[in-house]
1. Of 115/214; 194/214; 3/350; 182/221; 194/234; 214/350, which pairs sit farther than 18 Å apart, going by alpha carbon to alpha carbon?
2. Averaging sequence separations of C-alpha pairs under 8 Å and six or more residues apart, then dividing by the length of region 162-290, give the relative contact order as a whole percent.
3. If you rank 5, 252 by fewest surrounding Cβ atoms within 10 Å, what's the result?
4. Near residue 88, which lysines are there with a Cα under 18 Å away, not counting those fewer than 8 places off in the same chain?
5. Cut-off under 16 Å on the C-alpha distance; same-chain residues fewer than 8 positions from residue 351 excluded. Which lysines are left, in chain and number order?
6. For the pair residue 137/residue 57, report the inter-label distance in nm, with labels modelled 7 Å from Cα in the Cβ direction.
7. Can you find, among 59, 99, 142, the residue sitting farthest towards the positive end of the charge dipole of the chain, where Lys and Arg contribute +1 and Asp and Glu -1 at Cβ?
8. Which whole-Hz couplings ³J(HN,Hα) result when phi for each residue of region 41-53 is put into the Karplus expression 6.51 cos²θ - 1.76 cosθ + 1.60, θ = phi - 60°, listed in order with x for Gly and Pro?
Amino acid sequence: MAKRTIVNLPGDGIGRVVLEETVRVLTAAGFDADYVEGDIGWEFWRKEGDALPQRTINLLEKHKIGLFGAITSKPKDEAFEELYPELKDKNLVYSSPIVNLRQHFNLDICIRPCKTYTGNPLNFIRRGANGEIEEPIVDVVIFRQNTEGLYGGVEWSNPSTQIHEAFMTHPKFKLNFGSTPKDELSISTRIFTKKATERILRAAFEHAKNYGYKSVTVAEKPNVIRETSGMMYKMAQKIQREDYPQIELWNTNIDAQMMWLTKNPETYGVIVAGNMFGDIISDGFAGLIGGLGFACSAQMNPDNGIAVFEPTHGSAPKYADYETSIVNPIAMIESACMMLDHIKEYEISKKIRKAVATVIEEQKVQTYDMKKMTGRADVVKKGAASTQQMADEIIAKL
């Protein structure tokens, strides 16, 4: 059987180092693959005016599977200022390459598991009824619709007359914003389609059925955002009633959900939401299992077979220039395990996850975040493990 080719997309900042260490772990665990690097990120925006060059799209079209590190995104004006001088008269507008990647390949199903590691000093704790300290086990999987909603990119500042007139046909827009000059308006849309909404809901219910979760929670805001959130909940009710009656369907408002996740996080199983709310709630649950250093994700399109796996943390540019990298690579390593499961390399992913869990439980090797230290360049000298040392310890456990 021919080797599988994986497209490595290091991106910006710490993306490169966590990806490099993850490849070392994959190799040590017995995953035999070829890796090709795809260009993506801030430097390609600055020097080419394109943070996602066509050559990178071509690589993913060919090889289907990508491991992505991290990305730097900046506001529109800052992005323009950092363009190379010869590009500044080209009317280029920056947009996030990872969002563009999702939309180009319709990677609309985003999966973000958040699961407690035994022995992680960063695990969420609370006081029980008698004042005792409790450490609830969190085992939540967030299904986030990945291509629509507020991240769909349908936005205007100083909208054209045609767009403005269209919005003026809505009575609430006319009442609340009709007297506002066009050049003082910035408008973002939140668009849900029935096809994409049904797809993410079915993916969530199917995951719950396959992995023994008892409930699926729709975390939206249907009491206020009646059309989009309301549509998702109505569709969830129909799907649950007709096809998954054995799985409970819960409906929570996103704001209340963010409160409840620190009151009773062990109650929840699979959670499904639109793009923005899914992003928010996955970060919230990630905080309960140790933070973004432990938060992995997958985004995929079952129709074309293309899938990209990435940690949910950012590029952390302030850490990228440290002589010794201090960042926690576990989120990237866990994302790679999701990739292994996706391509049915279950034994290798199981072996890596066991090694990671053992290192965390032993508490002998811990990155600065696990030691609750401020992320400064000298933390390794003070006893924190470097990125490479954490990867070395995981490899040793293999």
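Every number in this text was worked out from the coordinates using simple rules, so none of it is lab data. These figures come from a predicted structure and were not determined experimentally. Cβ: placed from backbone, ideal geometry, glycine included. Neighbour counts: every protein chain shown.
1. Values: 115/214 16 Å; 194/214 25 Å; 3/350 20 Å; 182/221 29 Å; 194/234 11 Å; 214/350 23 Å.
Over 18 Å Cα-Cα: 194/214; 3/350; 182/221; 214/350.
2. Values: 124 pairs, mean separation 34.7, N = 129.
After rounding, I find 27 percent.
3. Ranked by crowding around the Cβ, least crowded first: 5, 252.
4. Output for residue 88: 47, 74, 76.
5. 397
6. Modelled inter-label distance: 4.6 nm.
7. After comparing all options, I get 142.
8. Computed from phi, the couplings for region 41-53 are x, 4, 5, 6, 5, 5, 9, 10, x, 8, 7, 9, x Hz.
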